[in-house]
Amino acid sequence: MTEKLTGEDKLKDKGDDFYELLITAHEGLEYDESVALNARLVLILANEIGDIEVLAAALRTATDK
Amino acid sequence: MPHYENIPYPFKRPLELDGKSQQLYPVAIVGAGPIGLSMAIDLALHGIRSVVLDDNNVVSVGSRAICWAKRTLEIFDRLGVADRMLEKGVTWKVGRLFHGEEEVYNFDLLPDDNHKMPAFINLQQYYVEQYLVERTQDFPDLIDLRWLSKVTDEELEDEKVTVSVSTPEGNYTLDAEYVVACDGAKSSVRERLGLPFKGHTFEERFLIADVEMEQSPFPDDETHERWFWFEPPFHNGQSALLHKQPDNIYRIDLQLGPEAYPEEEAKPENVIRRIKQVVGDRKFDLDWVSVYSFTCAKLDRFIHDRIIFVGDSAHVVSPFGARGGNGGIQDVDNLGWKLAAVLKGAAEPALLESYHEERSHGSAENILHSSRATNFMTPKSKMEAIFRQEVLNMAEHLPFARKLVNSGRLSAPCSLADMALQTPATSPTSIPPGTVCPDAAVTQNGKRGWLLNHLGGEFILLTTGEAAKEYDPEGLKKLHVSASETDETDELVDVTGTIIAEFGENKIYLVRPDQHIAACFDLSEVECLPTALRRANAGSMMEAAE
């Protein structure tokens, strides 16, 4: 399997809302704390997606392989 | 040497200086910038007299606000000045976004054939003000524009405000029923009232420069482009913007970073060095330079008794998205008809409260969008910078990331849905109340025109479809849109079919004097119209005709 995600926009008009929430969540954190927050977030989102095919494709898209 | 020659307007000795006038002015407007002048014109179109007081005697020095959005142009069209602005202005066509050397994406800004006004034009503030000043001269009995007249105090009384004015030939006072403060971001009216102006100041410094240049930096001289860079290759700041104004003037915005020394950066030799990095070897003259930082802030209340704040005096935003001047013109559009109705006794002063409700909401939305754009341009931590970097890296190939790139969300009118004046629609198949009525090409008596040119100034009932055509209540101006050619000379024809498609068939729309939809009904609901009309006037019965 070498398929990647097309990256179609699904947040629509909530994209800026999400970005603000994301940045606000990181506010005031040390860099290491931010990295840990991202790790937790990735794991939580992966569980929410719950589809290994999609997750594998997402990883390929993000790592550009 | 600046390209535009600021010609001073003369000071005219007012009657008050010689104690010859005791009259009560309906409205005193403080400030003759784009907002104050538009306010005076809008009121004059409603037959309301105003005196406009400005401490200066020239239009804007420097180009300042240059991007005027579709909704603003529609309002300027209602005020009778848009044609000149369109003719002189540079209409946006293509936008390109770069990350470093690479173009990430470009977007089409071409005008919509079915709308009279383009998405945006660039036009220097001095032209906008000049055209507005000239338009005020069409109302010699209604607009009394006084240059070199500095307002130094305003004293609130029961039925009026006494305004103190200082001029080169002496001081005087005049009485007005309402004072409209259009005196800008540093409003001295606001200061004198001691009103808190709460918000967020960004530390980032920006340099804006206007250069006059014969040779276009864009690939095609005829296609006006707007280039935005994140991490531009030619300067070490975070972002840059290049776009064209009339008279071969190009605006260059450079984000300098919080550590920049404004005085040092504004020195011509430093500015010229930076501009050369943007435009290469093309010959240019430096026209105007300004180094600025900015604040996003607004008043808690836009109305204080008989003093009403409009434009930058009520709210300020960062420039990304062009929401400052455009937001202010929308304030004018919102307030004009309401203040006129109250002064004529056609509505209760409660109607003014809806100006605060609707425009405070609008300015909060503008502040939200412009703050987010500013945050995207100025990452404040290593992690924030990484997120920004990766959004930009993915933007070329992944559409969702492109949507997150935020170089400013361009000014668009806010929705006034669910607010006091609007009646919620029962049918989902309509344009939602609270929305600005969309424009469309129409014909009347075989002559081409535009829907919005037939709306505004007073409440109008807009009907679509043959069945709704018969509905014609007394005391309200009615406008019927026909799907096909008609012999009725007062009807509009929906030549492209978009009005019926967007508005629905057999619908009845109540359109406010500021072209916003107040209510929408199916034919079976017409008994709700009187209630909706009362609601749109804040509970008072509206007088039949203007």
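So which GluC sites (Glu not before Pro) in the stretch B:92-195 pass both tests, a DSSP loop state and at most 15 other Cβ atoms within 10 Å of the Cβ? Write down the numbers at each step before the final one.
Details: sites: B:E101, B:E102, B:E103, B:E129, B:E134, B:E154, B:E155, B:E157, B:E159, B:E169, B:E177, B:E191; in loops: B:E101, B:E157, B:E159, B:E169.
Sparse-neighbourhood loop GluC sites (Glu not before Pro): B:E101, B:E157, B:E159, B:E169.
The convex hull drawn around the Cα atoms of chain B, when projected onto a plane and averaged over every direction, covers 26.4 nm².
Given a Förster distance of 45 angstrom, what is the FRET efficiency for A:T24 paired with B:L17, based on the Cβ-Cβ distance and rounded to 0.05?
On the way: r = 56 Å, r/R0 = 1.25.
Given R0 = 45 Å and the Cβ-Cβ separation, E is 0.20.
With a Cα cut-off of under 26 Å and a minimum spacing of 8 residues unless on different chains, the lysine pairs in the stretch B:401-546 number 9. Ordered from longest to shortest, the equivalent ellipsoid semi-axes for the stretch B:441-536 are 21, 14, 12 Å, each the square root of 5 times a Cα gyration tensor eigenvalue.
Across all directions of projection, what mean area in square nanometres is found for the Cα convex hull of the protein assembly as shown? Let's see the in-between values first.
Numbers: hull surface 126.3 nm².
Averaged projected hull area, Cα only: 31.6 nm².
Distance between the 7 Å Cα→Cβ label points at A:A46 and A:K14: 2.3 nm. Counting Cα-Cα pairs of the stretch B:232-347 in 10 Å increments starting at 0 gives whole-percent bin shares of 10, 31, 25, 17, 11, 4, 0. Pairwise alpha-carbon distances in the stretch B:109-260 exceed 27 Å for 53% of all pairs. For a straight C-alpha distance cut-off of 19 angstrom, the aspartates and glutamates reachable from B:K267 (same-chain residues fewer than eight places away being disregarded) are B:E204, B:D210, B:E212, B:D253, B:E259, B:D285, B:D287. Computed as a quarter of the hull surface, the mean projected area of the alpha carbon convex hull for the stretch B:1-51 stands at 5.2 nm².
When the helices in chain B are scored as -39500 (n - 2.57) per DSSP H run of 4 or longer and the sum is shared across all residues, what 222 nm value do you end up with, to the nearest 500 deg cm²/dmol? Intermediate values should be presented prior to the final figure.
Working: 14 runs with 148 residues, N = 546.
After summing the helix terms and dividing by the residues of chain B, the value is -8000 deg cm²/dmol.
Cross-link reach is defined here as a Cα-Cα straight distance under 18 Å, omitting same-chain residues fewer than 8 places apart; for B:K298 the lysines meeting it are B:K186, B:K198.
Please list the equivalent ellipsoid semi-axes of the stretch B:85-136, computed as the square roots of five times the alpha-carbon gyration tensor eigenvalues, in descending order and whole angstrom.
With the √(5λ) rule applied to the stretch B:85-136, the semi-axes are 29, 16, 6 Å.
Sequence-distant contacts, meaning Cα pairs under 8 Å at least 6 residues apart, place the relative contact order of the stretch B:465-546 at 24 percent. With a simple spin-label model that places each label point 7 Å from the Cα along the Cα-to-Cβ direction, the separation between B:N270 and B:Y292 comes to 1.9 nm. Loop-located GluC sites (Glu not before Pro) in the stretch B:217-261 (DSSP state not H, G, I, E or B) with no more than 14 neighbouring Cβ atoms inside 10 Å: B:E222, B:E259.
On full extension, the segment bounded by B:K380 and B:E488 gains 32.6 nm, given 0.36 nm per residue less the C-alpha separation. Rounded to 0.05, the FRET efficiency of the B:H361 and B:D113 pair, given R0 = 25 Å and the Cβ-Cβ distance, is 0.20.
Pairs from the list A:K4/B:K382; B:K70/B:K244; A:K12/B:K116 with a Cα-Cα gap above 21 Å: A:K4/B:K382; A:K12/B:K116.
Each value in this text was obtained by applying a stated rule to the coordinates, not by laboratory testing. These numbers were taken from a predicted model, which means no experiment stands behind them. Glycine gets a Cβ as well: all are built from the backbone with ideal geometry, and neighbour counts include every protein chain shown.
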